[in-house]
2 protein chains.
Amino acid sequence: VRVRLFGPAAQLRAALGGASGVEVVDAPVSIAKAPDPAAAARSQKDASVVRAARAVADGEADAFVAGGSTGAALAAGLFNAKRGRGIHRPALAIPVPVPGAPVTLLDVGANVEVRPEHLVQFAYMGAALAKVVLGIEAPRIALLSNGEEEVKGTPLVREAHAALRGRAWAGAGSFVGNVEATQITQGAADVIVADGFTGNVALKAVEGASQATLELIRGAVMSSLRAKAGGLLLRRALRGLKDEIDPEGAGGAYLLGLRRLGVVPHGRFSRHGYAAAIGLAARGVEGDLIGRTHAALEEAGALRRAPSAPPSSVPTS
Amino acid sequence: VRVRLFGPAAQLRAALGGASGVEVVDAPVSIAKAPDPAAAARSQKDASVVRAARAVADGEADAFVAGGSTGAALAAGLFNAKRGRGIHRPALAIPVPVPGAPVTLLDVGANVEVRPEHLVQFAYMGAALAKVVLGIEAPRIALLSNGEEEVKGTPLVREAHAALRGRAWAGAGSFVGNVEATQITQGAADVIVADGFTGNVALKAVEGASQATLELIRGAVMSSLRAKAGGLLLRRALRGLKDEIDPEGAGGAYLLGLRRLGVVPHGRFSRHGYAAAIGLAARGVEGDLIGRTHAALEEAGALRRAPSAPPSSVPTS
């Protein structure tokens, strides 16, 4: 994988040391802290994230990875890599690190408000991701709700449930109904669909609670000499576990629905997490995630139709 | 605490053995599986949950505990114990078992759709709970959102943020702004306010991820002889931890906003969880949770005003 890195060149070169395979492009303007990321991405053509998105739009690179600010990454992607044909809204889709049963959750933050037809597209986009990136042949697709029964949920969830239930799934996988948030970490579905607000809350609640539980275990291990001895014996077995549920290891979220691929790691990731994000982007490119997402939507007839001609204004009577 | 238990008497007596302090009332009709719990609670006057709620409304008992179906408990409570004066909507408020920093989360499922003024009332209700039940003198109150910045969130969250920000808090605690779901388990706030859909998702995501992480640790401990030996040495230190984050130990959610107190445990709780739910109800009654919730809302001027008189129909001209 070849990496082109946009940012303040002197600082980046110093941080990189002699790392090979990285080309540094001096782009010292940052809009990561801009109060209105969309306006900033439109007006600041020299911002590092805008230049990275443009390089991808121009075919100079295959995917962009941007962790400064989700809003800025989204806006730079939309204005430069452009929305895919027939796509209502791009979505952030993350393979949640659940050991043994990775689950694709989307949208985790691109759209705080959506319509039922957006959730339908997210379902097919997530299914394509689960196939291409996680190798799941017939993904089980579910809607996140406050109960498994189809009468549960907001009007949005109930309408999306009816729309998903009524579709032919064929090769795309299958719709298994609603899941509760408890089930995210229980392998009840391969793809879990939500609006960007709920998905963001669910993802962060899972990440926070997993980390908090590990911290508690660490505290228990340090609570007595006897426990410390136990911790030493367990160290090797627990090390692998910590890596398996580490959000950094998963590399962040795919930005799907544009004409080119984007990956959005957490802004707080260390270099380990950014490396994983670059790996995630490479896997998406190698598997043609964008092309296969589009093909899945097309095959399912889930692409937005071009606006139909306006009704004739000639009176019929 | 004296307990009156409504249900199929013969089965209950057999299950109770010789337990003392429990009076069994034969009420064999159950509406826990009714597809429309509100209709069932209205028409099935003999259902066990309706009889329990009526006993509380009639002053025969101080609080009701109902874990069969949240919808049925809510409906039975509303129709019998009635909504409190000036309350928009009752809410389910749960002390989330976070060791060292229990956090009150509400609404966790009574209202899938709310208006900003409902969230304002929930904030004061949660603050009263944190004071009375958890002994927190000046609770820090936060809104659950997809980012800490006040521009983050759905229109509902942004409007509620502005309304909460603009209020005088005085003795009720303080509004500390938005929190992300990662912060639920980090002690960032004492009371976290959300609509019932988002709160339900957040609670279940936290519970699911905590349990899943403990399961993973258990798996790691069993993975080798060396790890098993470590697990034996750690057993005592980890036992307390498991109890501390066990949802059953917390006893479930308070149903606030009625004229009498309700407690809603998970339907899947064992007898240990139901005992905790009864304890939760007793603590709420002893601390006069209902009275103090109402007083907090009144003091803050957050009660719904009686509908004002219709405008005079006499033309002024």
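The distance separating the Cα centre of the range B:71-137 from that of the range B:189-212 comes to 14 Å. Short-range pairs are left out: with C-alpha atoms under 8 Å and at least six residues apart, the relative contact order of the range A:209-303 is 19 percent. Using a 7 Å projection from Cα along Cα-to-Cβ, the label point at A:GLU150 is separated from the same position in the remaining copies by 4.4 nm, smallest value first. Surface exposure of the range A:67-173, expressed per residue as accessible area with a 1.4 Å probe, stands at 34 Å².
Can you tell me how chain A classifies by the Cα gyration tensor, rounded, prolate or oblate, using a/c under 1.5 as the rounded cut? In terms of gyration-tensor shape, oblate. A point 7 Å from Cα along Cα→Cβ stands in for A:GLN11, and the other copies hold the same point at 6.6 nm, listed in rising order.
Judged by the ratio a/c of the largest to the smallest principal axis of the C-alpha gyration tensor, the range A:115-195 counts as oblate, that ratio being 1.5 or greater while a/b is no larger than b/c. Here the protein assembly as shown is treated as an ellipsoid with the same Cα gyration tensor; its semi-axes, largest first and in whole Å, are 44, 32, 25. Note on the protein assembly as shown: antiparallel DSSP beta bridges, both residues inside, total approximately 35 percent of the bridges counted. A 1.4 Å probe over all protein chains sorts A:VAL29, B:VAL98 by accessible area into A:VAL29, B:VAL98, starting with the largest. Site-free segments of chain A were taken between GluC sites (Glu not before Pro) in DSSP loops having at most 13 other Cβ atoms within 10 Å, sites themselves excluded; the longest one is A:150-317. Of the trypsin sites (Lys or Arg not before Pro) found in the range B:1-78, the ones in coil according to DSSP and having at most 12 other Cβ atoms within 10 Å of their Cβ are B:ARG2, B:LYS33, B:LYS45. Other residues within the sphere of radius under 9 Å centred on the Cβ of A:ASN178, judged by their own Cβ, net out at -3 (K and R +1, D and E -1).
Mean Kyte-Doolittle hydropathy of 0.5 or higher plus an axial Cα length of 30 Å or more: which whole DSSP H helices in chain A meet both? Kindly include the intermediate steps, with their values, before the conclusion.
Working: long enough: A:196-221 (37 Å, 0.54).
Taking the DSSP H segments of chain A (at least 30 Å long, mean hydropathy at least 0.5), we get A:196-221.
Across the range B:160-260, Cα pairs under 8 Å and at least six residues apart give a relative contact order of 12 percent. Compute the Cα gyration tensor for the range A:186-308, then decide on rounded, prolate or oblate, letting a ≥ b ≥ c be the square roots of its eigenvalues: rounded whenever a/c is under 1.5, prolate when a/b is larger than b/c in the other cases, and oblate in all that remain. In terms of gyration-tensor shape, prolate.
Of all accessible surface on the range B:134-193 at a 1.4 Å probe, what whole percent is carbon and sulfur? Write out the running numbers ahead of the final one.
Numbers: 1180 of 2410 Å².
The nonpolar share, carbon plus sulfur, comes to 49 percent.
Centroid-to-centroid, using Cα positions, the range B:220-237 and the range A:23-57 are 50 Å apart. Let me have the 222 nm mean residue ellipticity of the protein assembly as shown computed from DSSP H runs of 4+ only, each contributing -39500 (n - 2.57), with the sum over all residues rounded to the nearest 500. Using -39500 (n - 2.57) per qualifying helix, the result is -13500 deg cm²/dmol.
Ascending distances from the A:GLU137 label point to its copies in the other chains, with the point 7 Å along the Cα-to-beta-carbon line: 6.5 nm. Amide H to amide H distances under 5 Å link A:LEU105 with A:ILE94, A:VAL96, A:ILE192, where only residues 5 or more positions off or on other chains count and H is placed in the peptide plane.
Relative contact order of chain A: 21 percent, from C-alpha pairs under 8 Å at least 6 residues apart in sequence.
Pairing chains A and B buries close to 4100 square angstrom of accessible surface in total, based on protein heavy atoms and a 1.4 angstrom probe. For A:LYS152, the aspartates and glutamates whose Cα falls under 14 Å of its own Cα, not counting residues fewer than eight places away in the same chain, are A:GLU180, B:ASP36, B:GLU113.
The values are calculated or read from the model by the stated rules, or taken from the named source; none is laboratory data. No experiment lies behind these values; they were computed from the predicted model shown. No Cβ is skipped: glycine too gets one built from the backbone with ideal geometry, and neighbour counts run over all protein chains shown. These area figures cover heavy atoms from the full protein model, side chains too; ligands, DNA and RNA do not enter into them. Shrake-Rupley method; radii C 1.70, N 1.55, O 1.52, S 1.80 Å.
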